[in-house]
Number of protein chains: 2
Amino acid sequence: MTEPRFRNARLTDGRTVDIVIRDGLFAGFEAPAQTHDGEDLGGKLVLPGLIDGHIHLDKTFLGLPWRPHRAGPTVPHRIAAEKDGRADLPVSVEERAKTFLARETCLGTVALRSHVDIDPDSRLDHLHQVMAARDAFAGIIDVQLVAFPQSGVLIAPGVADLLDAALSDGAELIGGIDPVGIESDLDGHLDLIFDLAEKHGVGIDIHLHDPGHKGAQELRAIADRTAALGMQGKVTVSHAFALATVDDRTLDLTMTALRDADVAILTSAPGTGALIPVAALRAAGVRVFAGSDNVRDAWSPFGNGDMLERAMLVAYRAGLRTDDGIALAFDLATGAAAQAIGYGPYGLEVGARGDFIAVDAETLAEAVVDRPPRALVVKGGRAVARDGALV
Amino acid sequence: MTEPRFRNARLTDGRTVDIVIRDGLFAGFEAPAQTHDGEDLGGKLVLPGLIDGHIHLDKTFLGLPWRPHRAGPTVPHRIAAEKDGRADLPVSVEERAKTFLARETCLGTVALRSHVDIDPDSRLDHLHQVMAARDAFAGIIDVQLVAFPQSGVLIAPGVADLLDAALSDGAELIGGIDPVGIESDLDGHLDLIFDLAEKHGVGIDIHLHDPGHKGAQELRAIADRTAALGMQGKVTVSHAFALATVDDRTLDLTMTALRDADVAILTSAPGTGALIPVAALRAAGVRVFAGSDNVRDAWSPFGNGDMLERAMLVAYRAGLRTDDGIALAFDLATGAAAQAIGYGPYGLEVGARGDFIAVDAETLAEAVVDRPPRALVVKGGRAVARDGALV
């Protein structure tokens, strides 16, 4: 087994070191050696590889001609508009997913969690196509798949069985969606999702858009079940907009329940509405992480798959201006995300996965603010992208 | 006089044309000629040059080593932290302003309005240094200067006289700041600012951070004076956060007053708090435009002077997802800004200033979403930047 060496790497603490990787894991951060072996990083700043905690590989229009946004403003509007638009998509789910995976790899993402629609129309088709894209990128970018009932389960005939089949086919997590707002049956939806998770021994990642006290009640119900079933650390709630819109007492109660059940919260730092209080969640011991969510799809024309830009948007929206605050936003797109999706051991330390990016930036904060090009992306000791192109 | 020709330019309506510029103004958008004269744009999309409606050329740290953010969360905190930090700035205002002007030019900005601090400590020093930077960029980027009492006027000894002197020295507008929140004297502040404007025959651009009903009352007071003094079209209120935080009835009353007095509103689409309702303001007939505001300075570590990115942030924060909505956000950083700062005639039409950018994008909306590199920046028919470097 070779031992890749990357010389003259600058760490965020200011040291310049040679990085040695063995069997895909960091084996050393050594004083610069008098050798010409390996690759000279020329003092570029190295940072952990980026993690995208929430993306929809089957939805993106990347690689297609520009498609104007057509959907109305609500979640049901967007679900309907998305289905209407599927028929005239000239490029397959698999090809679009590959385009996106190549893009994210070039931008320094080493692992991601993707939701994949499972509905009465597309059935398991999207899942199988995304799996083919995932296989094509094995070793380049890790892809974890969530069987996601975008159109509901209780209200969508046959979806429960399709989710069961998706998990048998290899989806790593079961998804869910607004138990009250979409499904109108909190216990019925959670019974079904948690039963499937137990049957297949998989984790859960539920889309929760419901705002205010309704949404906070759903969050606590999810936390209660998670604790009761011993699923601590295996459940995520994505978006959880309710956390941004309840009074302080309800927020405290809800954060305590989430922390005690170790339920993770995912944010994409959307532009409208209040942002969930990421710093308060972290301070309360709740696991928070970040993801792209919609990237140029039927839901949103914005986004580009750059998790360094996503960290900037988290900081910008959360008012995190100090270096510590910006480092927190960056952690949501790296360490915290790795822990939440179970991609570890992770970080620039001996024994962790040999994943990093090298950029022209003076400090971590500057890298987040500036989002410089990724000069090099290394995964498991192997260069996978260089100067914006796959190796 | 030469007649620069830029061949094979793609317009947003899909036509490919040759652009002819005469005496610095657009003279024709012609069917592609059988000629090799001029520059071949190779079908790149051309858009109007960008306008930055609000920047602080004397504050930016661009070109310095990274400086961690130190200020507390309020406006007075930031005013104090900024002054504390001035002493150890190793590069002059003039040099930092030049660095910023070069950056904005390379990013396609052809004109900007900069506020410049006038206070008891720096007196006219910042103004004179920014004027020197402006003169160095004459013909490359237009710079309009606002004599800005960052530390107040009534509460800051000597500032009224310094503002008077600044206008005599050539500042094009008089600034102001929170008549109630900072100055604690609405009429006293406005008397002084409007008197100086009348004396020197200049426009006004007032920073207004005061929120809620207090801020809305100040907005209406500014509108009333503007109308009473016949200054319609010459007054801007920057930020005007109150418009995001009042009830609908107060908003309607305030928008009507602003429209009737033709008072313009500037936003930088900040990340925290609610965004002012840009689409509603436009629909109500109020002139709205956009600017960078703080770019990597004592107030904020964020920002990069890219007005195409600023348009994206306006759209992202305002929930403008359709092509028309994204075009509105773009207009805030081009046509509406040009009109508000009096930089005209403007736009891609015969007789307007011969300013444009050329980018690799399929549509206007895609250009805003992607913010592609500026392949070419032309001002008055002259190429001023190419591929990110000054010509």
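The table below gives the values:
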quantity	calculated
Subset of region B:121-140 that is without any contact (Cβ under 8 Å) to a residue 40 or more places away in the chain and touching a Gly at 6+ places or on another chain (Cβ under 9 Å) - its residue that is surrounded by the most Cβ atoms within 10 Å (Cβ to Cβ)	B:MET131
Condition met for B:ALA361 (within 27 Å of A:GLU366 (Cβ to Cβ), aliphatic (A, V, I, L, M) and at pLDDT 95 or above)	no
Single residue of B:ALA81, B:ALA71 found to be touching a residue at least 60 places away in the same chain (Cβ under 8 Å), assigned to a loop (DSSP other than H, G, I, E, B) and of a type in the set (A, V, I, L, M)	B:ALA71
Every residue from region A:221-273 that is assigned to a loop (DSSP other than H, G, I, E, B) and of a type in the set (Val, Ile, Thr)	A:THR245, A:VAL246, A:THR272
Residues of region B:299-324 satisfying the condition of being among the small types (Gly, Ala, Ser) and in contact with a His (Cβ under 8 Å, 6 or more places away or on another chain)	B:SER300
Among the candidates B:GLU198, B:GLU172, residue that is surrounded by fewer than 24 Cβ atoms within 10 Å (Cβ to Cβ) and out of contact with any strand residue (DSSP E or B) (no Cβ under 8 Å at 6 or more places or on another chain)	B:GLU198
B:PRO65 part of a loop (DSSP other than H, G, I, E, B), over 18 Å from the mean Cα position of the chain (by Cα) and within 27 Å of B:VAL237 (Cα to Cα)	no
Residue satisfying condition, being surrounded by 17 or more Cβ atoms within 10 Å (Cβ to Cβ), among the hydrophobic types (A, V, I, L, M, F, W, C) and within 20 Å of B:GLY291 (Cβ to Cβ), within set B:VAL159, B:VAL143	B:VAL143
Index of the failed condition, A:LEU57 passing every other in (1) hydrophobic (A, V, I, L, M, F, W, C); (2) part of a loop (DSSP other than H, G, I, E, B); (3) away from chain B (no Cβ under 13 Å); (4) more than 14 Å from A:ASN294 (Cβ to Cβ)	(4)
Sole residue being modelled with pLDDT of 95 or more and either out of contact with any Asp or Glu (no Cβ under 8 Å at 6 or more places or on another chain) or not assigned by TED's automatic domain parsing to the domain that holds B:GLY170 (or both), chosen from B:THR226, B:THR250	B:THR250
Residues of region A:272-296 classified as charged (D, E, K, R) and within 14 Å of chain B (Cβ to nearest Cβ), total	2
Search result, residues across region A:41-63 that are surrounded by 15 or more Cβ atoms within 10 Å (Cβ to Cβ) and over 17 Å from A:VAL116 (Cα atoms)	A:LEU41, A:LYS44, A:LEU45, A:VAL46, A:LEU47, A:PRO48, A:GLY49, A:LEU50, A:ILE51, A:GLY63
Pick from region B:347-369, criterion crowded, with 22+ Cβ neighbours inside 10 Å and assigned to a loop (DSSP other than H, G, I, E, B), ranking: nearest to the other protein chains (Cβ to nearest Cβ)	B:LEU348
For A:GLU3: the one exception among (1) closer than 19 Å to A:LYS379 by Cα; (2) of a type outside the set (A, V, I, L, M); (3) assigned to a strand (DSSP E or B)	(3)
Single residue of B:ASP210, B:ASP260, B:ASP161, B:ASP169 found to be in contact (Cβ under 8 Å) with a residue 40 or more places away in the chain and in the same structural domain as B:ALA133 (by TED's automatic domain parsing)	B:ASP169
Qualifying residues in region A:20-40 (those that are modelled with pLDDT of 95 or more and part of a loop (DSSP other than H, G, I, E, B)) - the one surrounded by the fewest Cβ atoms within 10 Å (Cβ to Cβ)	A:ASP23
Flag if B:ASP387 is at positive phi, away from chain A (no Cβ under 11 Å), among the charged types (D, E, K, R) and surrounded by 24 or more Cβ atoms within 10 Å (Cβ to Cβ)	no
Test: residue in region B:249-271 that is among the hydrophobic types (A, V, I, L, M, F, W, C), crowded, with 17+ Cβ neighbours inside 10 Å and within 14 Å of chain A (Cβ to nearest Cβ)	yes
In region B:370-389, the residues that are assigned to a loop (DSSP other than H, G, I, E, B), within 30 Å of A:ASP297 (Cα to Cα) and not basic (Lys, Arg)	B:PRO372, B:PRO373, B:ASP387, B:GLY388
Unmet criterion (only one of (1) assigned by TED's automatic domain parsing to the domain that holds B:ALA102; (2) more than 25 Å from B:HIS54 (Cβ to Cβ)) for B:ALA383	(1)
Residue tally, condition at the interface with chain B (Cβ under 7 Å from one of its Cβ atoms) and free of Cβ contacts under 8 Å to residues at least 60 places away in the same chain, over region A:297-306	1
Answer residue from region B:332-345, given it is buried (at least 24 other Cβ atoms within 10 Å of the Cβ) and in a loop (DSSP other than H, G, I, E, B) and is farthest from the other protein chains (Cβ to nearest Cβ) among those	B:THR334
Index of the failed condition, B:PHE289 passing every other in (1) surrounded by 22 or more Cβ atoms within 10 Å (Cβ to Cβ); (2) touching a Phe, Trp or Tyr at 6+ places or on another chain (Cβ under 8 Å)	(2)
Restricting region B:307-331 to residues that are surrounded by fewer than 24 Cβ atoms within 10 Å (Cβ to Cβ) and more than 11 Å from chain A (Cβ to nearest Cβ), the residue that is nearest to B:TYR346 (Cα to Cα)	B:ASP331
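Residues checked against (1) among the hydrophobic types (A, V, I, L, M, F, W, C); (2) more than 14 Å from chain A (Cβ to nearest Cβ):
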| position | (1), (2) |
| --- | --- |
| B:ASP40 | no, yes |
| B:LEU45 | yes, no |
| B:ASP52 | no, yes |
| B:ILE79 | yes, yes |
| B:ASP84 | no, yes |
| B:LYS98 | no, yes |
| B:THR105 | no, yes |
| B:VAL110 | yes, yes |
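The values are calculated or read from the model by the stated rules, or taken from the named source; none is laboratory data. What you see is a predicted model, and the numbers here were worked out from it, not measured in a lab. So basically every Cβ, Gly included, is an ideal-geometry build from the backbone, and we count neighbours across all protein chains shown.
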